[in-house]
Every structure is written in C-alpha cells, then in structure tokens.
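Read the structure below first, then the notes.
The values are calculated or read from the model by the stated rules, or taken from the named source; none is laboratory data. Source: prediction; values computed, not measured. Backbone-built Cβ (ideal geometry, glycine too); neighbour counts: all protein chains shown. With ligands, DNA and RNA removed, areas are computed over all heavy atoms of the protein, side chains included. Shrake-Rupley method; radii C 1.70, N 1.55, O 1.52, S 1.80 Å.
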Amino acid sequence: MVDMRNLDLEKRKAVCKSAVRLINQLGFDGVSIAKIAKEAHVSPATIYIYFENKEDMLKQLYLELKQDMASFILKDFKPGPDHKANFKHLFYQHWFFFYQHPDSFAFIEQFANSPLLTGSCAEMGGRFYQPIMAIIHQAQQAGAIKPISQALYNALVFAPLLQLAKLHASGRQNILPQELEQVFEIIWAGLKAD
C-alpha cells in the first residue's frame with residue numbers, strides 16, 4: 001500500500017525542483033504554473049495544493065533554499081576562539097554550497113535581487129543568517145575584525161565570492177583552490193582589525 005503523504009512530498013519536491021530549474025533558465029516572468037506543472041509531470045491543480053499562487057511558491061522556495069544554505073554553512077560547525085579560522089569556515093562553506101548546489105544558489109541570487117524580496121520574506125530569510133552574523137559580531141566585539149555594518153560586510157565578503165561562483169558555474173573560468181585561498185587571504189586582510 002502506498003503512503004499518500006510520501007507521494008505528496010515527492011510531488012511537491014518534483015514541483016519545487018522543476019520550478020527552480022525553469023526559473024533559472026527562463027527567469028521569473030518566463031515561467032508559469034502550467035510550465036512548471038508540465039516539467040514536474042503533474043497537473044496545474046496539484047501545484048495549488050501546495051502553494052496559493054506563483055508568488056507564494058517563489059517565496060516559499062526562496063525561504064526553504066535559504067534555510068538549506070544556512071544549515072549547510074553551519075553544519076557541524078563549532079566556533080572557537082580563533083576568529084580567522086571561524087571566518088575561513090564560513091567563507092569556504094559558502095563556496096562549497098555555491099559549488100555543490102548551483103541551481104539553489106542561482107535561484108537564491110535571482111530572488112534576492114528581485115522585487116519579491118520584501119517585508120516578512122526578507123525578514124525571515126535574514127533570520128536564517130542570524131547565527132552566521134552572530135559569529136561575525138563576536139569577532140567584531142573581540143576586536144578581531146573591523147566594526148563594519150552588515151551591508152558593508154556583505155559587499156566586501158559575499159560580492160567577490162558570488163562573482164567567483166558565477167564565473168565557475170558558467171564554465172568561463174575554473175577557480176583553482178589556490179586562487180580561492182588567495183581571495184580568502186585578501187578579504188581577511190581587509191577585514192581584520194589593525
């Protein structure tokens with residue numbers, strides 16, 4: 001006998017996977033519920049069992065993927081007194097997430113730069129990152145890194161890392177481990193307190 005709950009979860013997973021793939025290929029405006037349903041081999045009505053509409057689906061997908069990313073970055077991580085080692089862990093785990101989950105990374109990036117990221121969705125997405133930012137704030141309070149705003153921190157750390165990940169994912173440039181280490185050292189040199 002088939003467990004209907006597992007079947008439903010499998011259908012929802014197929015819908016989500018198809019939505020992410022299509023949105024990464026065609027953009028938000030180029031994708032409809034009908035296209036997602038066709039790609040996922042379900043009826044459009046099935047999608048409405050899980051989501052109110054396309055916007056609800058996109059927001060839920062973003063939040064789920066953002067939570068997955070934060071969990072991946074922090075998995076089995078126990079921050080220690082060496083702030084550089086803590087930062088290095090966060091830096092490399094971001095890279096490994098981008099590298100190992102390119103579809104999720106592309107969707108998160110596209111959604112984060114869209115007008116859909118507003119209000120409670122932005123707030124909830126930010127909550128998943130609070131434990132990561134707490135590690136950075138601890139380093140700032142300890143005087144290990146400069147006391148800069150989160151926005152400036154994101155621009156200095158994540159913008160270069162995102163650009164490298166995009167280049168690597170596109171196949172235009174293979175980022176070598178020693179190059180990534182160079183980038184880490186350059187960013188750390190700019191962040192660490194004098």
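Things to note:
- Whole-percent carbon and sulfur share, accessible surface of region 1-157, 1.4 Å: 56
- Pairwise FRET efficiency - Ala151 versus Ser43, Cβ, R0 = 30 Å, nearest 0.05: 0.10
- Highest to lowest packing among 90-96, 125-131, 149-155, scored as the average C-beta count within 10 Å: 90-96, 125-131, 149-155
- Within straight-line reach of Lys78, meaning a Cα separation under 30 Å, sit the following lysines at least 8 residues removed in sequence or on another chain: Lys66, Lys88, Lys146, Lys166, Lys192.
- Sites Gln182 and Leu116, calculated FRET efficiency, Cβ-Cβ separation with R0 25 Å, nearest 0.05: 0.10
- In region 113-194, Cα pairs under 8 Å separated by at least six residues give a relative contact order of 33 percent.
- Distance between the pseudo-spin-label points of Asp76 and His137 (7 Å out from Cα toward the beta carbon): 2.8 nm.
- Residue-normalised accessible area of the chain, expressed per residue, 1.4 Å probe, Å²: 57
- Cα-derived Rg to Rh of the chain, Kirkwood definition: 1.03
- Only the Cβ atoms of Lys and Arg (+1) and of Asp and Glu (-1) were treated as charged; on that basis the dipole of the chain about its Cα centre amounts to roughly 100 debye.
- Max mean-square fluctuation residue, GNM over the chain, Cα-Cα springs under 10 Å, options Pro147, Pro160, Pro115: Pro115
- When you restrict to C-alpha pairs under 8 Å that are six or more residues apart and normalise by the size of region 46-194, the relative contact order lands at 27 percent.
- With contacts taken as Cα pairs under 8 Å and at least 6 residues apart, region 44-131 reaches a relative contact order of 42 percent.
- In plain terms, the chain from Ala34 to Tyr50 could stretch by 4.3 nm, reckoned as 0.36 nm per residue minus the Cα-Cα distance.
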